[in-house]
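One structure is given here, and the rest of the page talks about it.
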Amino acid sequence: MGTYGSDLGFLKSNGLNVVELVSADGMARVSVVPEFQGRVMTSAASGLQGQSFGWISRKAIAAGFANPQFNPFGGEERFWIGPEGGPFSWFFGPGQEQIFANWDVPAVIDSEPFKVESASGSEAIFTKETVLKNAAGREFQIGIRRKVSLLEAAGIEAVLGIKLPEGIRPVAYRTVNTLTNLGAFEWTKETGMPSVWLLGMYPPAPSTVVFIPYDQGFAGKVVNDEYFGKVPADRLIVRDGMIYFRIDGKFRSKIGLPDGSGRGLCGSYDPSSGLLNILKYSVPSGPRDYVNAQWGPQEDCFGGDVINSYNDGPTETGEVMGPFYEIETSSPGAALAPGESLTHAQCTFHLEGDAENLEGIASKVFGEALDLGVFSIGK
């Protein structure tokens, strides 16, 4: 990882309007870019000289909006709209074969800026109105509102339900992401429904592990581990209510948990850099239909994942985009009448410190002792 100050300077030197959220003591810092849809690009817990937690593609940012399909700028939380594939996809035109050559990220979540409605030292609000056509040929009028708020230490302790030990350096923020039906027809399973899709990109390390708790009473398949071929047993372990996923940026693989399996919480830990990441995301009560991101024909358009994690690595051609790893969360599909709204909220916590304190925090937050050395990682 580089320093936060270096990444902040790079973003500004490329003409980006960085909205920076900063704690009272100047140590916790979050960089948000409205040109990239109110994207959190990176953050730090130790000031300008501290570690920069987000993965940033300097090459892509320096090139600008050069790729007509997708500009992979990176960032530790970006706003997208699902589903990616299937009959109601926003990424393929009506009648198009859903292959990479036809894949096209909508401009509203790639190259169009969001409006800065307001910004202060601890909070920023971004808005956008757009019209999107899905693969079924329906045009949707959509309002988007995204609020990014810095959490001070007291707020972190309240949300996580812990007392931060002495010596822990935290930075955390909450995003509240809202879709509004601005059109004249109701969004249903027959028309297709958009969803809020949040994707975070982080630098990997040989010692990084992602861990996701699951509901042991869930009756279906707990985890989908066959996105790019089945994940080997030395990279994915499912036991005692916890999923452990090895992250090193050297083996392209992805996992996902369906509705009912995930518990609204996940984390990642890298002992080599003394960093614990925790994500808490909203899971609404009542009936929920999560959109399916799979490309092409689908047996169930609304049997999608609530949370995903991706480990980067060489593709079939040997190319590597990063390396990086991702943690993604989604809202249910927005079943909205005209004028109604759906909101998906997420809190991201980065905690720096010694191994004993970080592993103790993880155990308290997740309610059990975790085996964070389950892969003998780093060997």
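The values are calculated or read from the model by the stated rules, or taken from the named source; none is laboratory data. In this text the structure is predicted, and so the values were computed from the model without any measurement. Here Cβ is always computed from backbone atoms with ideal geometry, including for glycine, and neighbour counts include all displayed protein chains. Note: accessible area is taken over every heavy atom of the protein model, side chains too, but ligands, DNA and RNA are not part of it. Shrake-Rupley method; radii C 1.70, N 1.55, O 1.52, S 1.80 Å.
In nanometres, what is the gap between the two model label sites at residue 317 and residue 27, each 7 Å from Cα along Cα-to-Cβ?
If labels sit at residue 317 and residue 27, their model points lie 4.6 nm apart.
Near residue 214, within a Cβ-to-Cβ distance under 13 Å, what is the net charge of the other residues, with Lys and Arg +1 and Asp and Glu -1? Intermediate results must be reported in sequence, preceding the final value.
Values: positive: 221, 239, 263; negative: 215, 225, 240, 259, 305, 368.
Net charge around residue 214: -3.
With an 8 Å cut-off on Cα pairs and a minimum separation of 6 or more residues, tell me the relative contact order of the range 174-323 in percent. Spell out each step's value before the answer.
Details: 239 pairs, mean separation 37.1, N = 150.
25 percent.
With contacts defined as alpha carbon pairs under 8 Å and 6 or more residues apart, what's the relative contact order of the range 1-53 in percent?
Values: 98 pairs, mean separation 21.7, N = 53.
After rounding, I find 41 percent.
Sequence-distant or interchain residues sharing an amide H contact under 5 Å with residue 333, placed H: which?
289, 290, 291
With bins 10 Å wide starting at 0, give me the P(r) of the range 119-246 over every alpha carbon pair, in whole percents.
Pairs per bin, as whole percents: 9, 22, 28, 31, 10, 1.
Given 44, 9, 24, which one lies farthest toward the positive end of the charge dipole of the range 1-62, if we put +1 on the Cβ of every Lys and Arg and -1 on the Cβ of every Asp and Glu?
Final value for the positive-end residue is 9.
If 227, 173 are ordered by their accessible area, calculated over protein heavy atoms with a 1.4 Å probe, which sequence runs from highest to lowest?
Details: 227 85, 173 0 Å².
Output order, biggest surface exposure first: 227, 173.
For residue 164, tell me the accessible area in Å² from a 1.4 Å probe, rounded to the nearest 10.
We get 30 Å² for residue 164.
How much FRET efficiency would the formula 1/(1 + (r/R0)^6) give for residue 12 and residue 131, where r is the Cβ-Cβ distance and R0 is 41 Å, rounded to 0.05? Walk me through the intermediate numbers first.
Working: r = 32 Å, r/R0 = 0.79.
In this case the efficiency is close to 0.80.
Please report the net charge: other residues with Cβ closer than 13 Å to the Cβ of residue 163, K and R +1, D and E -1. Display every interim value, and only then the final one.
Values: positive: 364; negative: 157, 166.
Overall, the nearby charge balance is -1.
Mind grabbing the accessible area of residue 16 for me, 1.4 Å probe, Å², rounded to tens?
Result for residue 16: roughly 30 Å² accessible.
Explain nothing, just the number: relative contact order of the chain, from Cα pairs under 8 Å at least 6 residues apart, as a whole percent.
Numbers: 936 pairs, mean separation 66.4, N = 379.
Reported as a whole number, the value is 18 percent.
Volume per residue, Å³, of the convex hull around the alpha-carbon atoms of the range 59-175? Working shown, then result.
Working: hull volume 19.0 nm³, N = 117.
Roughly 162 Å³ of hull volume per residue.
Could you give the nm distance between label points at residue 273 and residue 118, where each point is 7 Å from its Cα heading toward the beta carbon?
That separation, rounded to one decimal, is 3.4 nm.
Mind grabbing the accessible area of residue 295 for me, 1.4 Å probe, Å², rounded to tens?
My reading of the accessible area for residue 295 is about 80 Å².
In what order, largest first, do 33, 365, 283 sit by accessible area if the probe radius is 1.4 Å?
Working: 33 0, 365 25, 283 60 Å².
Largest accessible area first, the list is 283, 365, 33.
Please list 328, 117 from largest to smallest accessible area, probe radius 1.4 Å, with all protein chains kept in place. Write down the numbers at each step before the final one.
Values: 328 5, 117 100 Å².
Most to least solvent-accessible, the answer reads 117, 328.
Quick one: which of 204-210, 72-78 comes out on top by average Cβ neighbours within 10 Å, and what's the full order, highest first? Provide the component values of the computation, followed by the final result.
On the way: 204-210: 21.7, 72-78: 24.6.
Going from most to least packed, we get 72-78, 204-210.
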